[in-house]
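What follows draws every value from the coordinates through simple rules; no lab data is involved. Note that the coordinates shown come from a computational prediction; the quantities given were computed from them, not determined experimentally. All Cβ positions, glycine included, derive from the backbone under ideal geometry; neighbour counts span all protein chains shown.
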Amino acid sequence: MSRVLSTTHRPYFPAHGDDGYRTGHYDLCLDYRVGNNRLDAVARISAVAVRPLDRLSLDLGAFRVGKVLVDGRTARFTHREGKLRVSPVRLRPGPFTVEVRYAGSPRPVSSPWGGLGWEQLADGVIVAGQPTGAPSWFPCNDRPDDKASYRIEVTAASPYTVVATGEPVERRRTAAATTWVYEQAEPMAPYLASVQIGRYQQTGLGPRMRAFHPAKLARRVRNDFGRQDRMMAAFTERFGPYPFASYTVVVTEDELEIPVEAQGMSIFGANHVDGARGQERLVAHELAHQWFGNSLTVADWRDIWLHEGFAAYAEWIWSEVSGGPSSAQHAAHWHRRLAALPQDFVLADPGARRLFDDRVYKRGALTLHALRTTLGDLAFFSMLRAWTGENRHGSVTTEMFADLVREYAPRSSETFFASWLYGPRLPPLP
């Protein structure tokens, strides 16, 4: 189970989430029609109240809610501006269940970075939930630190393949439609839950690794992901055991601006496969997120460098492992680039609008390279394996990472953190 971690900071997205309870399990039953983008759904949520509650809220997009039940009893509710408020309820601290029956046409949640969540493709669906897109398709406690297990059941027309987060456990086919059932046993944040729908075929990529893609992209996919088994081995050696039962890649027929991460899954656009491994750094980046972002998930979005900085550094590690430029060469290049930018960026608290600023990625990677240079490879990678092992499937903060680093470098760590994590000016590389 994920740890409950408090923060004294104001959250970046205060309208999302409810701190009165913690979810334990989501059971989502979805009936989706691709042609007219129609979703009829039932969500059953098991949760635990952490204090007496006379109301509770869930995050949910622009659907028509037909009925809400709390512990099997019909409850009153209001639903507006993305918030489903259920009241009055009388809940003592302890377990309870909520059932929400809803329907409508899913559409992305608005954000400073465009629409997030459930989005129609030319012939199918992609879900890109980070950071606040989960309510676009199911009612949830939309906090990154509220992780739960999931069962996702999706019924769609039989020509389509449905790929969801978790392990496939059942498939039922009728004349016109097929029901796909996936179960995600490891705790998962709502934004990492995903459903992908398209006319896909499956290709094996190695032990416990598979790709779903349009048939016409088969040759490119086999080539561009052809070294993923070597990549998995390299990351397992450096980061510790792969944290999930399997790994799935989805390549859409549409072009995507950037790849998308989900738990145990990465989604790429047709433009990310060229048959020449031209985007292999992105393959490495998304795979690394399974450790840094999906197994270890930030408790607060201000610490997103713990996701993106680590995944960006994994790109440099794969580069040196696979015969490309070394991590030191990448670090020198990006240090020059970042030194030429305004020195007004705090890595450990970039601000909500800078959540996906390139400096989160590159300065985060530089911070890790500086730490590796300071500690040496043996201590650095021992520390990384301890980080992923001690916090497996949990919630993490920058302070937790700093505490672990202090065990490996107690003398120099305070100056290091002050300059690299909390100082706006980019420090020199050691």
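With all projection directions averaged, the alpha carbon convex hull of the stretch 212-271 covers 4.4 nm².
Farthest toward the positive end of the dipole of the chain, out of HIS79, ALA299, ALA409, is the Cα of HIS79, where the dipole comes from beta carbon charges about the Cα centre. With the charge dipole of the chain set up from +1 on Lys and Arg Cβ and -1 on Asp and Glu Cβ about the Cα centre, the Cα lying farthest toward the positive end among the listed residues ALA43, VAL89, MET232 is that of VAL89. For LYS67, give me every one of the lysines with a C-alpha distance below 26 angstrom, ignoring sequence neighbours fewer than eight places off in its own chain. Leaving aside lysines fewer than 8 places away in the same chain, those within reach of LYS67 are LYS83, LYS147. Using θ = phi - 60° in the Karplus curve 6.51 cos²θ - 1.76 cosθ + 1.60, the 3J(HN,Hα) couplings for the stretch 78-93 round to 10, 9, 7, 6, x, 10, 9, 9, 10, 6, x, 10, 10, 10, 7, x Hz; x is entered for Gly and Pro. Highest GNM mean-square fluctuation among GLY129, GLY204, GLY117, for the chain modelled with Cα contacts below 10 Å: GLY204.
Of the residues GLU257, GLU320, GLU183, the one that moves most in a GNM of the chain with alpha-carbon contacts below 10 Å is GLU257.
Tell me the volume per residue, in Å³, of the convex hull enclosing the alpha carbons of the chain.
136
Between PRO95, PRO108, PRO410, the Gaussian network model of the chain with springs among Cα atoms under 10 angstrom shows the greatest mean-square fluctuation at PRO410.
Could you tell me the convex hull volume per residue, in Å³, taken over the Cα atoms of the stretch 121-191?
Considering the Cα atoms of the stretch 121-191, their hull volume per residue is 86 Å³.
Across 10 Å bins from the origin, how do the percents of Cα pairs in the stretch 1-135 run, short distances first? The calculated distribution, bin by bin, is 11, 39, 36, 13, 1.
Overall, the chain carries a charge dipole of about 620 debye about its Cα centre when +1 sits on the Cβ of Lys and Arg and -1 on the Cβ of Asp and Glu, all other atoms neutral.
Note on the stretch 297-420: Cα-Cα pairs beyond 26 Å make up 17% of the total pair count. Shape summary: the stretch 269-353 maps onto an equivalent ellipsoid whose semi-axes, from the alpha-carbon gyration tensor, are 23, 19, 13 Å in decreasing order.
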